[in-house]
Amino acid sequence: MLDAREQPDALELYRKACAHLFDITLLSPETEFHNRLEGYQLGPVVFARCVGVPQRFERKLTHIMADATDTVMAVLDLGQNVWRADYDGREASSDMGAIRLVDMARPYESASRSPYVTLYLMLPRGLLDPQAASLDFHGLVVSEASPSGRMLSSHLRALWESIEAMTSAEAPMAAKATAALVSGVILACGEPMSADPRPLEKVLLSAGQQFVAQRLDDPDLSPETVREHLGVSRSQLYKVFEPAGGVSAFIQRRRLDQAFDVILQDRAEQMTLAEVGYRHGFRSDAHFSRAFRARFGVTPGRLRKLGEAARQEGLSAQERPDDVFAWLKGL
């Protein structure tokens, strides 16, 4: 819970937390700002309830190109939320229905003109039915009065009511059921995709990211091998990866993320930290340790010592605070 009446820096903390997803513009006095977010992880799916004040969300190309994930967002309005949006050329509003589907690989601007309460979920595109994933659903608004909308709405409400009591065995099944219902809505209401609406740079970046992800253990992985795979010039490669901080920086971040998870998953400590670093492109232990600490706020050795506590908290390279050590120390 963030509340400007109790925390002078509440809005700043909120903007910082959302900076990787979109830009925030407040549409009400800063002194009245508050935001409450309760979230749960259902395997690869994030499900949350959000209460907020009037504000504008803008997801730009720079956000998209710097985002290593490929996700779909479904939002269910609870109550009389009033909003208008432009989803990459498709205009929509709260008058059209209570359920919104958003393709996070495309830009959009959405403004909530009233205080709002929503349930929302983020799921990997790969969980969708392949036919649904091929349709254009960006900015699709669905009424709860429609058959598919009624099923998805009822499911999301019931899921929220029961999620605290859900077991670890039930969570993945709930994620699959939710993805199936989202796919059903898209199949019922989506439109044919005449062409990939994403800018060329986004298409190239997505292909480059997939290439890097598949070859993180390859010692020969480099900006040049990425360039050759994409078939572009060096200048175009640098332009494509510029919002992500550059191709070299992107490769190093992904390698560090994988090294982070390898250290946590290696319960028996079968690999030395030097081996972990070497397998992820670091020829110097000191360089590996410095880069690791700069990214995660903790050294590889310290993370290994905190391994069990980190595993119990569900820590991973993607699900972590900015300062891992400070977070764990405060548990």
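So which of Val212, Val226, Val182 is among the β-branched types (Val, Ile, Thr) and touching a strand residue (DSSP E or B) at 6+ places or on another chain (Cβ under 9 Å)?
Val182
One line per residue, one yes/no per condition, for (1) assigned to a loop (DSSP other than H, G, I, E, B); (2) in contact (Cβ under 8 Å) with a residue 40 or more places away in the chain:
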position	(1), (2)
Arg255	no, no
Gln258	no, yes
Val262	no, no
Arg267	yes, yes
Ala274	no, no
Phe282	yes, no
Arg290	no, no
Ala294	no, no
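(1) over 17 Å from Phe22 (Cβ atoms); (2) surrounded by 20 or more Cβ atoms within 10 Å (Cβ to Cβ); (3) small (Gly, Ala, Ser): which one isn't true of Ser110, the others all being true?
(1)
Are there any pairs with C-beta distances below 7 angstrom linking a residue in the stretch 155-176 that is in a loop (DSSP other than H, G, I, E, B) to a residue that is surrounded by 11 or more Cβ atoms within 10 Å (Cβ to Cβ) and modelled with pLDDT of 90 or more, with the two at least 6 apart or on different chains, and if so which?
Met166/Ala174
If the requirement is being under 24 Å from the mean Cα position of the chain (by Cα) and surrounded by fewer than 16 Cβ atoms within 10 Å (Cβ to Cβ), which of these qualifies: Ser206, Ser284, Ser248? Walk me through it before giving the result.
Numbers: Ser206 fails: surrounded by fewer than 16 Cβ atoms within 10 Å (Cβ to Cβ); Ser284 fails: under 24 Å from the mean Cα position of the chain (by Cα).
Testing whether each residue is under 24 Å from the mean Cα position of the chain (by Cα) and surrounded by fewer than 16 Cβ atoms within 10 Å (Cβ to Cβ) leaves just Ser248.
Filter the stretch 287-314 for residues that are charged (D, E, K, R), modelled with pLDDT under 85 and under 24 Å from the mean Cα position of the chain (by Cα) and give the result.
Arg311, Glu313 - these are the residues of the stretch 287-314 that are charged (D, E, K, R), modelled with pLDDT under 85 and under 24 Å from the mean Cα position of the chain (by Cα).
Being surrounded by fewer than 19 Cβ atoms within 10 Å (Cβ to Cβ), free of Cβ contacts under 8 Å to residues at least 60 places away in the same chain and over 17 Å from the mean Cα position of the chain (by Cα) is the filter here; which residues of the stretch 113-132 pass it?
Those that are surrounded by fewer than 19 Cβ atoms within 10 Å (Cβ to Cβ), free of Cβ contacts under 8 Å to residues at least 60 places away in the same chain and over 17 Å from the mean Cα position of the chain (by Cα): Asp129, Pro130, Gln131.
Answer yes if at least one residue in the stretch 47-68 is touching a residue at least 60 places away in the same chain (Cβ under 8 Å), of a type outside the set (Lys, Arg), part of a loop (DSSP other than H, G, I, E, B) and over 27 Å from Val240 (Cα atoms), and no otherwise.
So far as the stretch 47-68 goes, yes, one or more of its residues are touching a residue at least 60 places away in the same chain (Cβ under 8 Å), of a type outside the set (Lys, Arg), part of a loop (DSSP other than H, G, I, E, B) and over 27 Å from Val240 (Cα atoms).
Name every residue in the stretch 177-203 that is part of a helix (DSSP H, G or I) and modelled with pLDDT under 90, in order of residue number.
Within the stretch 177-203, Leu200, Glu201, Lys202, Val203 meet the criteria.
The values are calculated or read from the model by the stated rules, or taken from the named source; none is laboratory data. The structure displayed is predicted, hence computed values, not measured ones. Heads up, the Cβs are rebuilt from the backbone with ideal geometry, glycines too, and the neighbour counts pull from every protein chain shown.
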